[in-house]
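Novice: Right, I'll just put the structure down here and ask away after.
Just so it is clear, none of the values below were taken in a lab; they were calculated from the coordinates. Computed from a prediction, not measured in an experiment: that's the story for all the values here. Reconstructed Cβ throughout: ideal geometry from the backbone, glycine too, with neighbour counts over all protein chains shown.
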Amino acid sequence: MKKLYETHDRIAVIRMESPPVNSLAHSLRIVVFEALDAALQDGEIDAVVLCGAGQHFCGGAAIDEFNLPVRAEPSLKTIIDCMEASPKPILAAIHGSALGGGLELALGCHYRVATPGAQLGLPEITLGLLPGGGGTQRLPRLVGVEAALKMILSGERLDGASAARIGLVDDVLSGAEDAGNEVACPAVTWLQSRLAAPLPAPLSKKAAWPDLADGGSEFFEQAAAKTDKMKGNQRAARSCVACVRASTEMDFDQGLAFERSRFLELVTSSESVSLRHLFFAERKAARVPGVPADLRPEAIAEAAVVGAGLMGSGIAMCFANAGIPVCLLELNEEALNRGMQRIEKTYADSVAKGRLAQAAMDHRMGLITPTHRYEDLASVDLVVEAVFEEMQVKQQVFSQLDAVCKPEAILATNTSRLDIDEIASVTQRPGRIIGMHFFSPANVMRLLEVVRARCTSDQTLTTVMRVGRLLHKLPVSVGVCDGFVGNRMVATYFREAGFLLEEGASPSQVDKALLDFGMAMGPFAMSDMVGLDISWAGRKRMAATRPKHLRYSKVADVLCESGRLGQKTGAGYFRYEPGSRKPQPDPEVDQIIVRCAAEAGIARRTIPDQEIVERMIYALVNEGAKILEDGVASRASDIDLIYVNGYGFPASRGGPMFFAQTMGLMEVSQRIRTFHEAHGFFWELSPLLSGADTKPNAQWDDLTNTQGKTAKSESLQ
Ligand code: NAD
């Protein structure tokens, strides 16, 4: 039988071991509890060190267990109660992550020490939850109400030194990281030096933090008011404030019971269920179905970007931010200078705002080498092309790259919609060609569509998915089609928005309905921000091939023809005061809409907001279902990630596909049929979604049967 703990000079060392992050699943709780119980009864043991095996202390609760109706014993509470009742001192020795339940476990110990690089935090808020293992009651008693509330509401992680500064840990174990994160030995030495000292009272026995004795209610009212501005998870934020307040007004046990009741309310809330869906979706997205799991990504030591325009300069910054040297190639001197200036200005703005140190900016600028010469790209491992969106130009660039780059280099394109196999056809290395579709601004937006062409090899895909993560992006694998996943779907959304205007809605009504639904921006304010000329150019290109029998809204074209190109011309769907970005309704636009509707023979009517939301969102869902059918996306949850991270869909609704599932796929399918009867062709129901007609409570997984399995136990890591 495996030993429950090691012994070092009468000190028991209990290691939590449950790879990859030692999340507190029931199986681990049993082992920890047994080890604690044994160590506390062992007459040869004077004290206990609790630490993590591998890279982390403890990544937190097993999130999949939140759905269970009762807490399986031993619960986290039972373990903490046992530690707090111990007459022998217990030290939490933290390296790697101590998150959520992992940090709450540490708060149940008499002492805490951490390595300098440790990460301590309570990120439950990001899942629409609150720390439900006593964190809202113990943390304020340890570090004070303000610091505790800041940690709990932001979900931010503190390193060892910052944790020591606010009193969250008693000491920083400086030498431990040099010793390969081996914390047990320095932790034992640290604890030995405390054995003669009186046992500190457990946090549950400490009085409430005294600093707010008088000004407390004003502080908490202000904190609660601030939570109203938080998007999506106000409910969790409000509960966090209420619980921390309870820690100052109730005795410990009452406060704990209050925290528990608030936690149970949140765990079943639609916001938290949606956010947890996205949490698991991210983990699933890392595994691409059909790609051998044992393929190892190749190292990318040097990269290059071709084209220093809006996207290229942002992409070059992504590499520099990740510490990867990158060449930025432009043929045009002026464009190259403009690109480098854009990069420098973006970094300088971050330095001015205090978000980036000057030394870090200098280092990053030093990693970007501007060049005009293709030969300078001979040794790079990966190139991302971001030149004009024209097949001929892209093919010319790719044949030049193919000629100069080493044969194993990966050549990626940032195209928004072109056929990547056609681009690859001019090279001798089709297996090494792939799409890396960044979103604007590329240095900020987290989403990366990794576009797998028919020619792309599994090895290339595996490497680029890994590169995406190295660049701190969320890479989601998609297939080739016009617009890939995101832009293909968004086209249906904007099409419906245009039809709604003709039928009787105003730009303000549509935008407000979608903002109320939770979208980050209304579609028309967004169009004005991006500029109406970009999609106008696309429509003009497609005009010759557009089927003339299909409905087409002319509103956008007429706006462009009258010089209304959006914010940049002071007018688009809305008008803008000089220097302001605030959209103002414009009667001139109303007249244009009425005229276009009359010309198209459409009788205008009052359209309820609910219909606006249903038509815009279900258009996305129906197209998403077609994308699943085509195999362009492998999972409904991948589509959700794309929409939440690239298109401003509210995370608290879990993405369009998850939202449809919560509304009932059968009901959504019926609604789409109604729209089909009323509005025709564009609403033809996806055959995949029609499968829900005979399956009440159907899930996308039931319809597609292609879901990757969720890892057995996931934590907040
Ligand atoms: P842009 O016009 O700002 O930049 C293109 C740059 O490429 C220009 O600086 C131009 O001088 C340079 N260039 C053109 N031909 C070249 C060549 N042969 N060799 C080297 N440089 C060359 O365009 P952008 O908005 O950065 O878009 C670039 C690509 O990214 C396009 O394929 C576009 O579809 C895609 N994209 C754009 C966005 C967006 O929001 N703008 C989002 C995702 C993807």
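Novice: Please check the chain for the longest run free of trypsin sites (Lys or Arg not before Pro) that are loop-located per DSSP (anything but H, G, I, E, B) and have at most 12 other Cβ atoms within 10 Å.
Specialist: 4-228
Novice: Once the other residues with Cβ under 15 Å from the Cβ of GLY563 are scored (Lys, Arg +1; Asp, Glu -1), what is the net sum? Could the numbers behind the result be given before it?
Specialist: Values: positive: ARG564, LYS568, ARG575; negative: ASP528, ASP533, ASP557, GLU561, ASP586, GLU588.
Once positives and negatives cancel, what remains is -3.
Novice: Can you give me the distance in nm between label points at VAL594 and GLU390, each placed 7 Å from the Cα along the Cα-to-Cβ direction?
Specialist: 4.3
Novice: Taking R0 as 30 Å, what's the FRET efficiency between ASN321 and ASP419 from their Cβ-Cβ distance, rounded to 0.05?
Specialist: Numbers: r = 31 Å, r/R0 = 1.02.
According to the calculation, E is roughly 0.45.
Novice: Now a separate question. Can you give the net charge of the other residues whose Cβ lies under 11 Å from the Cβ of GLN119, counting K and R as +1 and D and E as -1? Before the final figure, lay out each step's value.
Specialist: Working: positive: ARG157; negative: GLU156, ASP159.
Net of charged neighbours comes to -1.
Novice: Setting aside same-chain residues fewer than 8 positions from LYS554, which aspartates and glutamates have a Cα under 16 Å from its Cα?
Specialist: Partners found: GLU496, GLU502, GLU503, ASP533, GLU588, ASP590, GLU599.
Novice: Taking the Cα atoms of segment 6-267 alone, what are Rg (to one decimal) and Dmax (as a whole number) in Å?
Specialist: Cα radius of gyration and Dmax of segment 6-267 are 17.5, 55 Å respectively.
Novice: Given the Cα-Cα distance of GLN222 and ALA85 and 0.36 nm per residue of separation, how much length would full extension add, in nm? List each step's numbers first, then the result.
Specialist: Working: separation 137, 0.36 × 137 = 49.32 nm, distance 3.67 nm.
Net length gain for the segment: 45.7 nm.
Novice: Pull up all non-local amide H partners of LEU448: gap of 5 or more, or a different chain, and H-to-H distance under 5 Å with H placed in the peptide plane.
Specialist: It is LEU474, VAL476, by chain and number.
Novice: Which cross-chain or sequence-distant (5 or more) residues have an amide H under 5 Å from the amide H of ILE94, H modelled 1.01 Å from N in plane?
Specialist: Excluding prolines and chain starts, which carry no amide H, the hits are VAL113, ALA114, THR115.
Novice: If you take the Cα atoms of the chain, find Rg, then find the Kirkwood Rh from the mean of 1/r over all pairs, what is Rg/Rh?
Specialist: Details: Rg = 28.4 Å, Rh = 28.3 Å.
When Rh is taken as the Kirkwood radius, the ratio is 1.00.
Novice: Next question. Using Cβ counts within 10 Å as a stand-in for footprinting exposure, how do THR492, THR126 rank, fewest first?
Specialist: On the way: THR492 22, THR126 18.
Ascending Cβ contact count within 10 Å gives the list THR126, THR492.
Novice: Here's another thing I want to ask about it. Please work out how much length the chain gains when fully extended from GLU73 to ARG446, using 0.36 nm per residue of separation minus the C-alpha to C-alpha distance, in nm with one decimal.
Specialist: Numbers: separation 373, 0.36 × 373 = 134.28 nm, distance 3.90 nm.
Extending this stretch completely gives an extra 130.4 nm.
Novice: Considering amide H positions built from the backbone, and no H for Pro or chain starts, which residues 5 or more places from VAL384, or on another chain, come under 5 Å of its amide H?
Specialist: Those qualifying (amide H under 5 Å, at least 5 residues apart or on another chain) are ALA304, VAL305, VAL306, ALA412.
Novice: Using the charge dipole of the chain (Lys, Arg: +1 at Cβ; Asp, Glu: -1 at Cβ; taken about the Cα centre), state which of LEU203, GLN400, ASN622 has its Cα farthest towards the positive end.
Specialist: ASN622
Novice: Also, I was wondering about something else. On a 23 Å Cα-Cα criterion, which of the cross-link pairs LYS626/LYS695; LYS229/LYS473; LYS88/LYS206; LYS150/LYS229; LYS231/LYS695 come out too long? Don't skip to the end; give the middle numbers.
Specialist: Details: LYS626/LYS695 18 Å; LYS229/LYS473 26 Å; LYS88/LYS206 18 Å; LYS150/LYS229 15 Å; LYS231/LYS695 34 Å.
Too far apart for the 23 Å limit: LYS229/LYS473; LYS231/LYS695.
Novice: Rounded if a/c is under 1.5, else prolate if a/b is larger than b/c, else oblate: which is segment 303-485, with a ≥ b ≥ c the root eigenvalues of its Cα gyration tensor? All intermediate terms of the calculation are to be shown ahead of the outcome.
Specialist: Working: a/c = 1.78, a/b = 1.44, b/c = 1.24.
Prolate shape, in that a/c is at least 1.5 and a/b is the bigger ratio.
Novice: What list of ³J(HN,Hα) values in whole Hz, one per residue of segment 72-82 in order, does the Karplus curve 6.51 cos²θ - 1.76 cosθ + 1.60 (θ = phi - 60°) give from phi, with Gly and Pro shown as x?
Specialist: For segment 72-82, the Karplus curve yields 6, 7, x, 7, 4, 4, 4, 5, 5, 4, 4 Hz.
Novice: Loop-only check: which chymotrypsin sites (Phe, Trp or Tyr not before Pro) in segment 317-411 are DSSP coil with at most 12 other Cβ within 10 angstrom?
Specialist: On the way: sites: PHE319, TYR347, TYR374, PHE388, PHE398; in loops: PHE388.
For chymotrypsin sites (Phe, Trp or Tyr not before Pro) across segment 317-411 that sit outside H, G, I, E and B with at most 12 neighbouring Cβ atoms in 10 Å, the list reads PHE388.
Novice: Let me ask something else. What lysines could a cross-link reach from LYS548, if we take a straight Cα to Cα line under 20 Å and drop same-chain neighbours fewer than 8 places away?
Specialist: List returned: LYS540.
Novice: To make sure I understand the rule: partners must be aspartates and glutamates, Cα under 13 Å from the Cα of LYS226, and not fewer than 8 residues away in the same chain. Which ones qualify?
Specialist: Candidates past the 8-residue exclusion: GLU218.
Novice: Something else now. How far apart, in nm, are two points set 7 Å out from the Cα along the Cα-to-Cβ line at ALA537 and at ASP9?
Specialist: With each label placed 7 Å out from Cα toward Cβ, I get 7.1 nm.
Novice: Counting other Cβ atoms within 10 Å of each Cβ, which GluC sites (Glu not before Pro) in segment 650-690 have at most 14 and sit in a DSSP loop? Write down the numbers at each step before the final one.
Specialist: Numbers: sites: GLU667, GLU677, GLU684; in loops: GLU684.
Taking segment 650-690 and a limit of 14 other Cβ atoms within 10 Å, the loop GluC sites (Glu not before Pro) found are GLU684.
Novice: How much net charge surrounds GLY232 when only the other residues with a Cβ under 11 Å from the Cβ of GLY232 are counted, with Lys and Arg +1 and Asp and Glu -1? Write down the numbers at each step before the final one.
Specialist: Working: positive: LYS231, ARG235, ARG653; negative: GLU271.
Result for the local shell: +2.
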